[in-house]
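The values are calculated or read from the model by the stated rules, or taken from the named source; none is laboratory data. Here the structure is a predicted model, which is why all the values come from computation and not from measurement. Positions of Cβ are backbone-derived with ideal geometry, glycine not excepted, and every protein chain shown enters the neighbour counts.
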Amino acid sequence: MPKKKPKKGKPEVHEELKGFDIKINEFGEIVSNFPVDKLNEFLNEKVEDKKLKEKAEKERRKEEESGEEQE
């Protein structure tokens, strides 16, 4: 099976993350030029957390089921 060719150039990023660069150093540590807090803030605003959504849906279903049992 042939090896994948490395892509040339920089990947496209969201306007708010222009200049963002992330690498893994020789010790396996993630090194970035953006503060982690700023990156987390961006992700919280722009990306929906599937686990939290599923948990909220389960809780809603439980409440609906318990409401039906009480009637």
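Among the residues making up segment 13-30, none is closer than 17 Å to residue 44 by Cα and small (Gly, Ala, Ser).
With the structure loaded, tell me whether residue 30 is at pLDDT 85 or above, out of contact with any Lys or Arg (no Cβ under 6 Å at 6 or more places or on another chain) and surrounded by 10 or more Cβ atoms within 10 Å (Cβ to Cβ) or whether it fails that test. So residue 30 fails the test.
Counting residues in segment 49-70 that are assigned to a loop (DSSP other than H, G, I, E, B) and exposed (fewer than 10 other Cβ atoms within 10 Å of the Cβ) gives zero.
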